[in-house]
Amino acid sequence: MSAAKKTETAKKVAKVQQDLGMSTKDIENGFVHYLYNTLGRNVDADLEYQFRALSYAVRDRLIGYWKKTWNEYNETDCKKAYYLSMEFLIGRSLCNNLLNLGIEDEAHQAMYELGVSLEEIESAEKDAGLGNGGLGRLAACFMDSCATLQLPVMGYGLRYEYGMFKQRIQNGYQVEDPDHWLGFGFYPWELQRTEYARKVKFGGSTHLFKDPHTGKLSTLWEGTDDVVAVPFDVPIPGFKNKTVNTLRLWSACAEEAFNLTEFNAGSYFEAVAQKSEAENITMVLYPNDVSENGKELRLKQQYFLVSASLQDVVCQWDKNHDGDFTNFAECNVFQLNDTHPSLAVAELMRILLDDYAMEWDEAWNIVSSCMAYTNHTLLPEALERWPVPLFQKLLPRPLDIIYEINRRFLKQVAMKWPGDSARFRRMSLIDEGNNVCMAYLAIVGSFSINGVAALHSQLLKEGLFHDFYELWPERFNNKTNGVTQRRWMAGCNPGLRALLKDKIGEGWITDLTQLSQIEEFVHDKSFRRAWMTVKRENKARLAELVKETTGVEFNVESLFDVQVKRIHEYKRQLLNILHVIHLYAKIKRGETDKWTNRCVIIGGKAAPGYAMAKNIIKLVNNVAEIINDDPEVGDMLKVAFIPNYRVSAMEVICPGADVSEQISTAGKEASGTGNMKFMMNGAVTIGTLDGANVEILEAVGEDNFFLFGLKAAEVEEIRKHYNPQHHIDNDEDLRAVMTLLESGHFSQFEPNIFNDIINSLKSPHDPWMTLADFRSYIDAQHKIGLAYQDHEHWNTMSIINSARSGIFSTDRTMKEYNDGIWKLDPIHLG
Ligand SMILES: *Cc1c(COP(=O)(O)O)cnc(C)c1O
């Protein structure tokens, strides 16, 4: 194309973009256009089609900004960060995209004028559930904040056909249904980008090869089964700032001319079967939020993500810089979300060594100065380890490289600690059971290693990674998690948003510390009344969700006590149930003096293979049934297990909570982010000194937080002589609870089904030491009951919790990642 023609075309494109417009009329026209002309439906079509039409109209309005952002990043050749994550728990996008484009009012009005409801259309959107829980949701919040801060950050993940399973409750038990979220292949927010497809190798073998011209030795990885990675891009708009970043999700696809030799040999069936095996790689998200060790397909998924993403970045760089890698490490940084993508260390080495014929030292200098690793867990059993034979079979070339990394690393260890063979063995990337330790690979290959809350980062240095901390103290740092207030306040709590707008404007949407201004109104009568009204309305909305999904009726006057998160023993949903049983026992004994009516909500998914977690769900449901059906209990106590806890459910749940349950065994929860969502929306926390609870307590003070339980160091001390029977013998209330539980009262028709739970609680080896915290938990809950009776006092605590939640915005978290690790310049788009 000639230069003149190019300019002319660019002008035409700009004109078409401009004509799209953001007015009510423009949106109405866009919606009607897609509904009639593209989808062939009428305005009274199913909500599903209304949703499609509106989301297309909204996407049209993102694409111009999206292309401009992309071009600006490439043309200015700025430093970029890449967030590598096996999970992005996005949830719904329509409401969020309208908010960030600044066109919610227009969209609302446009739909109103056509006689349809924006709220109903929004609730027709399926959650993009490409994650298990906190780690995946964190990645999604990070993407939102980076775009809002105008940081050139790209997300890389996998486009699973099946996201997190849907949870149903049948006879009290969890049942898993597949989540085919793409429906009939339709997700309005993605754009397929076949032109950026990459090839990923598996299997085969490696050989040394001498270049006949240069005489240089290099390694060939041959005889591989290749899988094509096809990217699907999802736009990530910043808040009203014309930045639209990219989340690139890879989908596995068999090669076009797959396995021609077998095909021609007449093995048609085997060849097609291999095609489906290739495409299996991105078929399903592993539903385990802790770790999935030893599963071949999971290792394939990890390498697939890492290889496709790194090739993508390196090829782009090569093209723009004519193969000159001098400044590569200065201009690119990869953030590894947990150890899942830690193969990136070996893969970038492989690309530089094998594809660009670089020398080891030069390649290692680049790799180890552009990788950064975030650790998300303190549970040693959650650290990923892969058997060497599995590695050898699937990834022989990356394994060669890991061996060489390890050889050179152990030389360094031996130099620093001569003769310390125990330490030498402890630190090897290959453990004594012949597994590759992924966390150590990530540590050795990264210039930055961070934990996700102050306590967690401290405990990493003292415990799990102590040896590495002694070797490289300068690499270790803390980045306390956050959540995005765009989704978790502005989007999900319109009542609160309106009230805040009236009092302090809307600056808090991009600077959450401005929430502190509402403390000035803490004694303002009309503000206080309005605050209470908003909470009341949100409780009514939550009560409706409970009624719809469980049939249980909640009275909005009662205290709403909420624990929603993945079901795991360390999170101690059991402790919560013990308290519920205690309240029930008190009612039955007639000890209802100064009673506070309470509605307890528990929700969360259990990994399908985690028997104890599934049993805990059954126990909650059985206890709930007995209590809810007892006329003597009535409104004094209600219990509901909300099925299928997910992002869109949390958007209704967190605004309606009075009490936020954050009761993990101290030293076990890395950060938690649910705790922050509740706090922002004015819930008061009952919690242990664990994860980010420590920082929440510091922000609100002991008067506005119900602290209980052993501290992390005490847990480890007492563990040595933990005696749960002693607690039972010396605590009348605990004894009553255990007696009731053991009597079979909650499993009358299925005797003994809770034996494993009872035994674990009574075991001196219970890792979570639940009974050790029973008394202080019950006492803290009792204080909550009394505190709630003073509605004015409770309201003050609620306001203060929200007012002081400013530091828990991911805008703050991302600024810290950028200042401390990435060092990107914001790119302002005009
Ligand atoms: C925030 C969130 C989580 C994390 O909750 P924690 O209480 O921090 O474990 C998990 N799942 C969903 C759907 C969330 O929105």
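Restricting attention to the range 682-719, the residues that are within 12 Å of the ligand (Cβ to nearest atom) and of a type outside the set (A, V, I, L, M) add up to 5. Counting the residues of the range 510-531 that are outside any helix (DSSP H, G or I) and within 31 Å of the chain's Cα centre (by Cα) gives 2. Residues being touching an Asp or Glu at 6+ places or on another chain (Cβ under 7 Å) and more than 25 Å from Tyr303 (Cα to Cα) are entirely absent from the range 189-212.
With respect to being assigned to a helix (DSSP H, G or I), crowded, with 18+ Cβ neighbours inside 10 Å and of a type in the set (A, V, I, L, M, F, W, C), Leu378 falls outside the description.
Each residue in the range 208-223 was checked for being loosely packed, with under 12 Cβ neighbours inside 10 Å and either assigned to a loop (DSSP other than H, G, I, E, B) or modelled with pLDDT of 95 or more (or both), and 6 of them qualify. Screening Asp179 on (1) acidic (Asp, Glu); (2) under 28 Å from Glu270 (Cα atoms); (3) in a loop (DSSP other than H, G, I, E, B) shows it passes everything except condition (2). Of the residues making up the range 547-567, those that are of a type in the set (D, E, K, R) and away from the ligand (no atom under 16 Å from the Cβ) number 4.
Conditions tested, residue by residue: (1) of a type outside the set (Gly, Ala, Ser); (2) touching a Lys or Arg at 6+ places or on another chain (Cβ under 8 Å).
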{"residue": "Met769", "(1), (2)": "yes, yes"}
{"residue": "Ala780", "(1), (2)": "no, no"}
{"residue": "Arg812", "(1), (2)": "yes, no"}
{"residue": "Asn818", "(1), (2)": "yes, no"}
{"residue": "Leu824", "(1), (2)": "yes, yes"}
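The set of residues in the range 100-132 being among the small types (Gly, Ala, Ser) and buried (at least 23 other Cβ atoms within 10 Å of the Cβ) consists of Ala107, Ala110, Ala128, Gly129, Gly131. Filtering the range 704-758 to residues that are among the charged types (D, E, K, R) and either touching a Ser or Thr at 6+ places or on another chain (Cβ under 7 Å) or under 30 Å from Asp790 (Cβ atoms) (or both) leaves Lys711, Asp731, Glu732, Asp733. Taking strands (runs of 3 or more DSSP E) as the structural unit, those lying wholly within the range 583-688 and holding at least 1 residues that are of a type in the set (S, T, N, Q) correspond to 659-662, 684-687.
Considering only residues in the range 73-99 that are within 16 Å of the ligand (Cβ to nearest atom) and under 16 Å from Phe239 (Cα atoms), the one that is surrounded by the fewest Cβ atoms within 10 Å (Cβ to Cβ) turns out to be Asn96. Taken residue by residue, the range 489-509 has at least one member that is free of Cβ contacts under 8 Å to residues at least 40 places away in the same chain and either part of a loop (DSSP other than H, G, I, E, B) or in contact with a Cys (Cβ under 7 Å, 6 or more places away or on another chain) (or both).
For the range 351-384, a residue qualifies if it is under 14 Å from Leu441 (Cβ atoms), out of contact with any Leu (no Cβ under 8 Å at 6 or more places or on another chain) and touching a residue at least 60 places away in the same chain (Cβ under 8 Å), and the qualifying residues are Ser368, Glu384. The conditions of being within 28 Å of Arg566 (Cα to Cα), in a helix (DSSP H, G or I), within 16 Å of the ligand (Cβ to nearest atom) and in contact with a Phe, Trp or Tyr (Cβ under 9 Å, 6 or more places away or on another chain) are met by Asp144.
The values are calculated or read from the model by the stated rules, or taken from the named source; none is laboratory data. Owing to the predicted nature of the structure, the values given are computational and were not obtained by experimental measurement. Glycine gets a Cβ as well: all are built from the backbone with ideal geometry, and neighbour counts include every protein chain shown.
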